[in-house]
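Any read-out appearing in this document is the output of simple, stated calculations on the displayed coordinates, not a laboratory observation. These numbers come from a predicted model, not from an experiment. Cβ placement follows ideal geometry from the backbone for every residue including glycine, while neighbour counts extend to all protein chains displayed.
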Amino acid sequence: MSKLRGGMEHTMVSQDSSISILPCIYYGCTVVNATTGGVQAKVFDATSTAQETNPIDVVTIASGTNNNNGTFYPLGIIAHSGLYISAIIATTASDYIIVYYGGV
């Protein structure tokens, strides 16, 4: 029997953050560089701290104003523990890191 998958949600962060404390499906991440520095985000299957043994994704963009990069997984990646985004390199309130995820 398959599990019901609800709609996709998104959230925007600019610092290390818990995205979900419940199991969920990770669909991808977009980074937008609105300043002259680079942007980086590491996504982990974890709830409150990044555990280097279970990375899901790393999204980076080099320096250059208005550059963007992202990943998208149409079928999603199951995050058993939840989602935590860490090791963020971004200018707070200027650069954008958007995480897409959904229910299980």
Expressed in angstrom and ordered largest first, the alpha-carbon extents of region 8-102 along the principal axes are 36, 26, 20
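Give, as a single signed number, the net charge of other residues whose beta carbon lies under 9 Å from the beta carbon of residue 77, with Lys and Arg counted +1 and Asp and Glu -1.
Working: positive: none; negative: 45, 57.
Here the charged neighbours net out to -2.
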Fully extended, how many nm does the chain gain between residue 15 and residue 58 (0.36 nm per residue separation, minus their Cα-Cα distance)? 14.0 nm
Using only the Cα atoms, what convex hull volume per residue in Å³ does region 64-104 have? 104
Order by neighbour count: 13, 43, 31, fewest other Cβ atoms within 10 Å first, most last. 13, 31, 43
For 95, 16, 57, ascending order of other Cβ atoms within 10 Å (fewest first) is 16, 57, 95
